[in-house]
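Down below is the structure, laid out as structure tokens.
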Amino acid sequence: MSVTHAPQTTDVLTRQDPELAEILLGELHRQSSTLQLIAAENFCSPAVLAALGSPLANKYAEGYPGARHHGGCEIVDVAERLAVDRAKSLFGAEHANVQSHSGSSAVLAAYAVLLRPGDTVLALGLPYGGHLTHGSPANFSGRWFDFVPYGVDAETGLIDHDQVRTLARTHRPKAIVCGSIAYPRHIDYAFFREVADEVGAYLIGDAAHPIGLVAGGAAPSPVPYADVVCATTHKVLRGPRGGMILCGGELAERVDRAVFPFTQGGAQMHTIAAKAVAFGEAATPAFTAYAHQVVANARVLAATLVDEGLVVTTGGTDTHLVTADPAPLGVDGRTARGRLAAAGLVLDCCALPHADTRGLRLGTAAVTTQGMAEKEMMRIAALLAGVVRGEVESVPAREEVRDLVGGFPPYPA
Ligand SMILES: *Cc1c(COP(=O)(O)O)cnc(C)c1O
């Protein structure tokens, strides 16, 4: 087997470090022979991988284009300006910072801009799909800020807007965060803006998951509403692993200083170049079609899971994300995930609103990149339910998975 997306690199590795080359090929084999249903994952393009594996990785570049602490930055400055300009134009933002090493570091920088330790922040509670950076006691956010969690309606699974408004009025937070790792529906950014304005709070949109749908016009944008938008570049957006921040011109300088030097050191120029490539790809009609297909696929996946007897949170989805409770099939999420992993369906457990047991979280970003459509989603949902019920043993299930993914190689030769 060869790695067709980065032949030179792999040839060199195979010759110099066969031990590591084998690991790399093993992972490529795992990714292309099992079903990637982790909602936060995707397959970035060979062009993105090429930028990531480029000599830009060698360059130290503390600071920003035109104002670096290191010499020799004239070329990488062009790469960063290109990434910034493409991000601004893609999302209609006045300012973009593309240096955040991850989604979490983007959120850390956003808090550094707008908050002081001890400030009160309103965010979706972790049991309802809040991210670790939204007040987990295990994370800096929960340690340094006073988080007040809002939740979702017990019946509908939708964000409880009345509760958000009441908590905002009671606690007068310095900032309100909207964004989630598992919420399958669109977020009403206009509503959050209105509440933030009423209580004099900043609005932080953590769009790590849906930002790729936003780029493709398949989800509403937080950019016109939030003071600061944090995002990742590696989820639906299909770029390299990393983060970014979008904001208005008035916060531009403070955001930049919050990223470097406040929370990070030297920029990773190979990743920034890869982000530029991904923004370029995301601006094409092909990506718009992709983003809409991602949502169409998730809707069919959700509907078929409902037909199979699972309880899908909110009854469906507007995005790439589906969360489901397998309890009616006789097992909890953890057991289900184990059975599915043995069968070659790779996905996550997640907290379920108002349930003690865990559920399953699936996403369609990766399988859609592979070219799968509605028909394959039905097949996946039926197979998933069969495996969870214990009707399909792992060996025949693995064969079915191999048959399914065989027609959709993520990196065709
Ligand atoms: C993925 C995610 C993050 C963090 O991204 P990392 O790159 O893993 O640090 C932050 N917030 C939300 C809502 C996310 O979904």
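The values are calculated or read from the model by the stated rules, or taken from the named source; none is laboratory data. Remember, it's a predicted structure, so these values are computed and weren't measured experimentally. All Cβ positions, even for glycine, are placed from backbone atoms using ideal geometry, and neighbour counts span all protein chains on display.
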Flag if Gly26 is more than 22 Å from Gly248 (Cα to Cα) and either surrounded by fewer than 16 Cβ atoms within 10 Å (Cβ to Cβ) or not assigned by TED's automatic domain parsing to the domain that holds Pro210 (or both): yes
Residue match in region 89-98 (condition: more than 30 Å from Gln268 (Cα to Cα) and either charged (D, E, K, R) or assigned to a strand (DSSP E or B) (or both)): no
Enumeration of residues in region 99-136 that are within 16 Å of the ligand (Cβ to nearest atom), touching a strand residue (DSSP E or B) at 6+ places or on another chain (Cβ under 6 Å) and more than 20 Å from Tyr225 (Cα to Cα): Ser100, Ser102, Ser105, Gly125, Tyr128, Gly135
From Ala208, Ala138, residue being crowded, with 24+ Cβ neighbours inside 10 Å and within 22 Å of the chain's Cα centre (by Cα): Ala208
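Yes or no, residue by residue, for (1) over 12 Å from Val388 (Cβ atoms); (2) under 19 Å from the mean Cα position of the chain (by Cα); (3) not small (Gly, Ala, Ser):
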{"position": "Pro326", "(1), (2), (3)": "no, no, yes"}
{"position": "His354", "(1), (2), (3)": "yes, no, yes"}
{"position": "Thr368", "(1), (2), (3)": "yes, yes, yes"}
{"position": "Met372", "(1), (2), (3)": "yes, no, yes"}
Sole exception among (1) away from the ligand (no atom under 16 Å from the Cβ); (2) more than 22 Å from Glu281 (Cβ to Cβ) for Ala79, by number: (2)
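This table checks each residue for (1) assigned by TED's automatic domain parsing to the domain that holds Ala61; (2) assigned to a helix (DSSP H, G or I); (3) of a type in the set (Asp, Glu); (4) closer than 21 Å to Tyr189 by Cα.
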{"residue": "His101", "(1), (2), (3), (4)": "yes, no, no, no"}
{"residue": "Ser105", "(1), (2), (3), (4)": "yes, yes, no, no"}
{"residue": "Tyr111", "(1), (2), (3), (4)": "yes, yes, no, yes"}
{"residue": "Pro117", "(1), (2), (3), (4)": "yes, no, no, no"}
{"residue": "Ala123", "(1), (2), (3), (4)": "yes, no, no, yes"}
{"residue": "Gly130", "(1), (2), (3), (4)": "yes, no, no, yes"}
{"residue": "Arg143", "(1), (2), (3), (4)": "yes, yes, no, no"}
{"residue": "Val148", "(1), (2), (3), (4)": "yes, no, no, yes"}
Condition met for Gly66 (more than 16 Å from the ligand (Cβ to nearest atom) and free of Cβ contacts under 8 Å to residues at least 40 places away in the same chain): yes
Residue within region 267-288 that is over 15 Å from Ala96 (Cβ atoms) and either part of a loop (DSSP other than H, G, I, E, B) or touching a strand residue (DSSP E or B) at 6+ places or on another chain (Cβ under 6 Å) (or both) present: yes
Filtered residues of region 226-257 (kept if within 16 Å of the ligand (Cβ to nearest atom) and in a loop (DSSP other than H, G, I, E, B)): Ala226, Thr233, His234, Lys235, Val236, Leu237, Arg238, Gly239, Pro240, Arg241, Gly242
Any hit, region 256-272, residues being touching a Pro at 6+ places or on another chain (Cβ under 6 Å) and either over 22 Å from Gln36 (Cα atoms) or surrounded by fewer than 20 Cβ atoms within 10 Å (Cβ to Cβ) (or both): yes
Residue among Val300, Val255, Val294 that is touching a Gly at 6+ places or on another chain (Cβ under 9 Å) and touching a residue at least 24 places away in the same chain (Cβ under 8 Å): Val294
Residues located in region 160-180, provided they are within 16 Å of the ligand (Cβ to nearest atom) and crowded, with 24+ Cβ neighbours inside 10 Å: Ile176, Val177, Cys178, Gly179, Ser180
Given (1) in contact with a Phe, Trp or Tyr (Cβ under 8 Å, 6 or more places away or on another chain); (2) within 27 Å of Arg116 (Cβ to Cβ), index of the condition Gly239 fails: (2)
Pair list, Cβ < 9 Å and 6+ apart or interchain, from region 230-250 residues that are over 17 Å from Thr368 (Cβ atoms) to residues that are among the charged types (D, E, K, R) and within 9 Å of the ligand (Cβ to nearest atom): Cys230/Asp206; Ala231/Asp206; Thr232/Arg241; Thr233/Arg241
Residue match in region 278-295 (condition: at negative phi, aliphatic (A, V, I, L, M), within 16 Å of the ligand (Cβ to nearest atom) and outside the structural domain of Asn97 (by TED's automatic domain parsing)): yes
Residue check, Gly142 in contact (Cβ under 8 Å) with a residue 24 or more places away in the chain and at negative phi: no
Selected residue [at positive phi and out of contact with any Gly (no Cβ under 7 Å at 6 or more places or on another chain)] from Gly63, Gly71: Gly63
